[in-house]
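What follows is one structure encoded as structure tokens, with my remarks underneath.
The values are calculated or read from the model by the stated rules, or taken from the named source; none is laboratory data. If you're wondering where the values come from, they're calculated on a predicted model, not measured in any experiment. Counting neighbours? That spans all protein chains shown, and the Cβs are built from the backbone with ideal geometry, glycine included.
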Amino acid sequence: MSQESQSTARIFILLTILVGAGIIAWALLSLQPVQWLGPIVLGICALIADLFPVRLSEEGTVSVAAALDFAAVILFPPQVSVLLVAVATGLSDIIGRVPIIRVLFNTSQLAISAALAAKVYSLGPGGIFSFQTHALWGLISGLTFLLANSFLTCTVIALTQGHRPIEIWLQGNREMLLHDIALYPIGMLVALVYTYDAPALILFSLPMVIIYVSFRNNVLVRQQAQAVLETLADIIDCRDPYTAEHSRRVAEYATAITRQMGLSEDVCQLVQASARIHDLGKVTWRDDLLFKPGKLTAEEMERVREHPTTGARIVEGLAHYQKGVPLIRHHHEWIDGSGYPDGLKGDAIPLGARILAVADAYDAMTTDRPYRKALSKEEALRRLVAGAGTQFDAAVVQAFLEWMESRGEELHGVAEEAAAVRELPGEVV
């Protein structure tokens, strides 16, 4: 993250904390006498739910507490709902030993979200919540809560990672938003039951637990499937001491190229996940093929060229990898159409596959193989440059060179040669 991004992120976090602190202070100073039993019970439930969130990604989690927080906005005066949300969030973060700056930010941004949602809801008909008369304003208020919460959260993630906030909000955070949206109608239902028969809320305990378990199991199944495939990919790499850690390095290079090209976080995650398992199809290779020191026969070469297709077949039935199937299948296609397995040409080759091709070729050239010694970094880069426009996408090669330069690598004139040799035929690597 650049110095400018760090500074902007700090300013945004500080402003959010100051605004949130102001709202909490207002709630305390203007608080009117209320019956506290209901808010306390709902707050305890929200605290428990906050302590058991479901992590959907590295950046965020989903908790059924969102439904209870929103119910508080509908049911209680704004001051009470703000305090309930702030206390439940703050206590859960403190119990979870979250760093103090995150405790302050999370508490503040939810206090802001609750205050805005309560203000919007107050524009409605008022009075005791009824579905017929209050549902529309409840939906508008819930949308306000969701948008405020996600905007503040996604903005701070984007600033700390050096991305655009709109990119994180629309793409990288999409799955989390979809799960969040489902919780707000549940919050309205909680408010409706509370209004007419508060003790009946105990009946919600089982459905809320089921929702939590469903969220958690869905994520666990996906994570476990990903872990199994990545472990299998590592085992395949480790069969040959020459290619140990190959898939991890290819994933690192491919991710760096994707970021260097300024592509979206969605594309970056897709390329990274596909790169980790791009050689799964090699699981069918016999040892005599894997370790053969000399030239392969025509029959053996045909077997080698089957691995992208085999790898794609292995993962095509897994929903999480559906978008990655074309990347795995086509990472050995050539820009001029002479690659395999389908002989795709130019832009017909998925961009992610073109990125994998460069990352895969570079790692292959810079590691020892049974039939040759590793090439130097400079020679491998020269061969990538020589193959730009024929074997490799020129823009991808250029992005890789720029990334290497940004890391302080000495390219010894390779970058300057790129424009002159971009159209020259490349070597098979």
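When Thr231 is tested against the conditions (1) within 18 Å of Ala364 (Cβ to Cβ); (2) at pLDDT 75 or above; (3) not assigned by TED's automatic domain parsing to the domain that holds Met365, the lone failure is (1).
Checking the conditions here, which among Ala399, Ala418 is of a type outside the set (Asp, Glu), assigned to a helix (DSSP H, G or I) and at pLDDT below 90?
Details: Ala399 fails: at pLDDT below 90.
Selected residue: Ala418, the only one of Ala399, Ala418 that is of a type outside the set (Asp, Glu), assigned to a helix (DSSP H, G or I) and at pLDDT below 90.
One residue stands out in the range 1-37 among those that are under 29 Å from Arg407 (Cα atoms) and in a loop (DSSP other than H, G, I, E, B): the one that is modelled with the lowest pLDDT, namely Met1. Here Arg329 meets each of (1) at pLDDT below 85; (2) surrounded by 14 or more Cβ atoms within 10 Å (Cβ to Cβ) with one exception, condition (1). Contact map, the range 63-87: residues that are under 13 Å from Ala115 (Cα atoms) paired with residues that are among the hydroxyl-bearing types (Ser, Thr, Tyr) and not in a helix (DSSP H, G or I), Cβ distance under 7 Å, separation 6+ or inter-chain. Pairs shown: Gln79/Ser30.
One line per residue, one yes/no per condition, for (1) in contact (Cβ under 8 Å) with a residue 60 or more places away in the chain; (2) aromatic (Phe, Trp, Tyr); (3) crowded, with 20+ Cβ neighbours inside 10 Å; (4) assigned by TED's automatic domain parsing to the domain that holds Asp266:
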site	(1), (2), (3), (4)
Pro341	no, no, no, yes
Leu375	no, no, no, yes
Leu381	no, no, yes, yes
Gly387	no, no, yes, yes
Ala394	no, no, no, yes
Ala399	yes, no, yes, yes
Arg407	no, no, no, yes
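Residues in the range 164-217 that are of a type in the set (Lys, Arg) and at pLDDT 70 or above: Arg216 only.
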